[in-house]
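Read the figures in this text as sums done on the coordinates, not as results from a lab. Since the model is a prediction, treat every value here as computed from it, not as a measurement. In this analysis, Cβ positions are derived from the backbone assuming ideal geometry, glycine residues included, and neighbour counts consider all displayed protein chains.
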Amino acid sequence: MKTRVWIIILSLAVLVCAVWWMLVSTPSYPSKIVGIYQNGSLVEKIDLNSVTGEREITLSGKFGKNTIFISHGHIEMKSAECPDKICVKHGALESSGTPIVCLPNKVVIKFESSSDGADAKTGAV
Amino acid sequence: MDTIMTLTAYGSKSESAVKTAESEINRLDTLLSVQNKNSEIYRLNRDKTISASADTLNLLNRAIKIYNMTDGAFDITTEPLTRIWGFYSGLKNRVPSENEIADALKTVGAEHIRIDKNNITLDRNTSLDLGGIAKGYASARAAQILEENGIYSALISLGGNIRAVGSKPDGSDWSVAITDPDDNTQQVGTLSVSNTAVVTSGGYQRYFEENGQVYHHILNTDTGYPAKSGLKSVTVVSEDDTLADALSTGLFVMGLERASSLYSENNTLFGAVFVTDKNEVYITDNLKNSFSSQRSFEVIKI
Ligand SMILES: [Zn+2]
């Protein structure tokens, strides 16, 4: 009887430790940092995972306005007055390989490179 | 070309321009390949004489210039040597005998190539392999085609050869990571570049083991054996793709010391990042504003 109690207490202790360790060791959210650029210079850097609520950013370029929509974990070009609207058709930003680009208004929305987020890699073949 | 080719171009006419560039790369590959039976190089190696096209002549002349520049460290006459080591597809890797190596070495060297107007003639047992320079030539042409078609922002990757056309659409530099020779998933550092070629050579991708010894595919034409120059990889940065491609092999064979002295005479033509056998990283001083790394590195001054 006594042994069983001990076993239960021991396993509880192990469980508590495991939960505590998980809470401490895993970061609450992996960050998802995007950069918004116009004419090659940074307009704003945003961690999409720390966004609460909704937000819009409006930029003005040679061909009129670009409206960027941001919510938790999400960014897209909501509307644009550029002639081709390629930036709007792109939809949400999903991968680092395909940034949202508005060429007419020189706007780029992309994931910021982490240590290995380069555009290309060179190596021996 | 048995390599992966990716072209990313930004601009309204990018789709047709990318197609044109791709077909030019494929055309050059067919023309310059050692193994393709329809290539000019294949016919030259078989018949020992051809009347060559402008591209083949151009490239051969460039290759011979770089051969002289590197004191023979970059050499396009290595075909017989590469063959006895079995580094062509369909062959088995093996360590050749001393006699085989001695015989192959007799056929090696640019002095066995003669160019007279558009006729190229090789000595009896000499054969060419443009594998160390053709990709650079092809990426330069692809970049030229994109620019002629109004593409001012593109990235070409031709089996580890990178060519940046212009800068990124937002005007910033392209970032090119250099593969860690010890782990393909990691990087040594990154280079911020625009309008330039970045090419890496190293022995860590194509090699074989025999009796506990590792033999890689970059052969030293002085010894006939894989180059043992104390380097794991060399990355060359140059506006001249063809030079970058050939020099990455040439500098690898030369080793850090000789490569550094070549750099000091040609610091406006190229820059380089070296990874040594001891995992030290060296960069030439003209790259100090474009190279960044988590590792410590040394700067080679002129
Ligand atoms: Zn647009």
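For a quick check: sort A:102, A:82 by the number of other beta carbons within 10 angstrom, fewest at the front.
Values: A:102 26, A:82 22.
The order, fewest Cβ neighbours first, is A:82, A:102.
Cα gyration tensor of chain B, axes a ≥ b ≥ c as square roots of the eigenvalues: rounded (a/c below 1.5), prolate (a/b > b/c) or oblate? All intermediate terms of the calculation are to be shown ahead of the outcome.
Details: a/c = 1.73, a/b = 1.16, b/c = 1.49.
In terms of gyration-tensor shape, oblate.
What FRET efficiency, computed as 1/(1 + (r/R0)^6) with R0 = 22 Å and r the Cβ-Cβ distance, is obtained for residue B:144 and residue B:71, rounded to the nearest 0.05?
Numbers: r = 30 Å, r/R0 = 1.37.
According to the calculation, E is roughly 0.15.
Under the √(5λ) rule applied to the eigenvalues of the Cα gyration tensor, what semi-axes describe the equivalent ellipsoid of the range B:173-300? Give them in Å, descending.
23, 17, 13
Using Cβ contacts closer than 10 Å as the measure, can you line up B:232, B:106, B:37 from fewest to most? Display every interim value, and only then the final one.
Working: B:232 21, B:106 12, B:37 8.
Fewest-to-most Cβ neighbours within 10 Å comes out as B:37, B:106, B:232.
At 7 Å along Cα-to-Cβ for each site, give me the label-to-label distance between residue A:52 and residue B:94 in nm.
Each label point lies 7 Å from its Cα, and together they span 7.2 nm.
Restrict the search to the range B:42-129; then list the GluC sites (Glu not before Pro) that DSSP places in a loop and that have at most 13 other Cβ atoms within 10 Å of their Cβ.
Numbers: sites: B:98, B:100, B:111; in loops: none.
Taking the range B:42-129 and a limit of 13 other Cβ atoms within 10 Å, no loop GluC sites (Glu not before Pro) are found.
Could you pull out the trypsin sites (Lys or Arg not before Pro) across the range B:249-288 that fall in loop regions by DSSP (anything but H, G, I, E, B) with no more than 14 other Cβ atoms inside 10 Å?
Working: sites: B:258, B:278, B:288; in loops: B:278, B:288.
Those that pass, being in a loop and sparsely packed, are B:278, B:288.
Stokes-Einstein at 37 °C, 0.692 mPa s, Kirkwood radius from Cα pairs: D for the range A:33-111 in µm² s⁻¹?
On the way: Rh = 12.3 Å.
Using the Kirkwood radius from Cα pairs, D works out to 268 µm²/s.
Near residue A:110, which lysines are there with a Cα under 24 Å away, not counting those fewer than 8 places off in the same chain?
In chain and number order, the partners are A:32, A:45, A:62, A:65, A:78, A:85, A:89, A:121, B:13, B:168.
Please give the charge dipole size of chain B, origin at the Cα centre, charges +1 on K and R Cβ atoms and -1 on D and E Cβ atoms. Round to the nearest 20 debye. Numbers along the way, then the final one.
On the way: 28 positive and 38 negative charges, 92 e Å.
Roughly 440 debye for chain B.
Cα atoms only: what Rg and Dmax, in Å, come out for the range B:35-122?
13.8, 39
Going 7 Å from the Cα of residue B:223 in the Cα-to-Cβ direction, what parts of the range B:238-269 have a backbone nitrogen less than 19 Å from that spot?
Label zone hits: B:249-260.
Name the residue farthest towards the positive end of the dipole of the protein assembly as shown from the options B:139, B:12, B:219, assuming +1 on Cβ of Lys and Arg, -1 on Cβ of Asp and Glu, about the Cα centre.
My answer, from the dipole projection, is B:12.
Using only the Cα atoms of the protein assembly as shown, construct the convex hull and provide its projected area averaged over every direction, in square nanometres to one decimal.
Numbers: hull surface 115.6 nm².
So the mean shadow area of the Cα hull is 28.9 nm².
Connecting C-alpha atoms closer than 10 Å in a GNM of chain B, tell me which of B:120, B:133, B:218 has the biggest fluctuation.
Among B:120, B:133, B:218, the largest GNM mean-square fluctuation belongs to B:120.
What is the fewest-to-most order of B:62, B:114 by other Cβ atoms lying within 10 Å of their Cβ?
Ascending Cβ contact count within 10 Å gives the list B:114, B:62.
With charges only on Cβ, +1 for K and R and -1 for D and E, what is the dipole size of the protein assembly as shown about its Cα centre, in debye, rounded to 20? Don't jump to the answer; show the numbers that get you there.
Values: 41 positive and 49 negative charges, 169 e Å.
I would put it at about 820 debye.
Using only helices, what value at 222 nm comes out for chain B when you add -39,500 (n - 2.57) per DSSP H run of length 4 or more and divide by the total residues, to the nearest 500 deg cm²/dmol?
Calculated from helices alone, the mean residue ellipticity at 222 nm is -10500 deg cm²/dmol.
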